[in-house]
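Below: the structure, in structure tokens.
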Amino acid sequence: QMVTEIGGISGGGSGGTVVCESEGTVNAHDVLTSIDSLKVVSLPNAIQISEGTFRNCTSLEQIYAPNVDEVFEGTFCDCTNLTMVNMPKLRIANVVSFRGCTSLRNVDFPFLTQACSYVFADCVNLASVNLPELAVLGDNMFEGCVGLTKVYLPSTLEYVGVNAFYKVSIDVYYYGTT
């Protein structure tokens, strides 16, 4: 299954790469789900990625979206081979946006202020998380992240949701420093 173009999103070659040059919201709601050849996504001008856009894209390994400030519900849910997420301007991660990304090991979102429920739930290999600007840590956010060893959160954190670290046996939380 080769992806070449979907609503302004174009990809080429046999490498399973999709590049979208459009500005604003990448609105491919549930259109790119379950594509088995998609490995790399580059969204250099996107500001938001809509609900479920890459859900179940199990071959997706890398996402480059330097200007995205919000990902909606289930955007990368169950992308089991996702290892690299480059979204340095991400401010809001909605419900289950990265849930089940079992190959994700490290997360560094320097401007993330709001992370809703179950954002990283079941990311079993997630080991290190750096969220220095987080104000809201949603319910069950890290549920089932059994590999989690380091979490860096700010001393200014305003809310930690119910069961935020459910089924996680982490002992150390760092506040205010990385």
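The values are calculated or read from the model by the stated rules, or taken from the named source; none is laboratory data. Here the structure is a predicted model, which means the values were calculated and not measured. We place every Cβ from the backbone using ideal geometry, glycine too, and count neighbours over all the protein chains shown.
Taking segment 70-178 and the strands (runs of 3 or more DSSP E) fully enclosed by it, the elements with 2 or more residues that are over 12 Å from the mean Cα position of the chain (by Cα) are at 128-130, 150-153, 173-175.
Within segment 19-37, the presence of a residue that is at pLDDT 60 or above and within 17 Å of residue 123 (Cβ to Cβ) is excluded. Do we find that residue 63 is of a type in the set (Val, Ile, Thr) and at pLDDT 95 or above in this structure? Taking the combined requirement at face value, the residue does not satisfy it. Contact map, segment 90-112: first residue without any contact (Cβ under 8 Å) to a residue 60 or more places away in the chain and aromatic (Phe, Trp, Tyr), second residue in a strand (DSSP E or B) and surrounded by fewer than 20 Cβ atoms within 10 Å (Cβ to Cβ), Cβ cut-off under 9 Å, separation 6 or more or different chains; pairs are 109/130. Number of residues in segment 114-132 that are under 20 Å from residue 150 (Cβ atoms) and free of Cβ contacts under 8 Å to residues at least 40 places away in the same chain: the value is 13.
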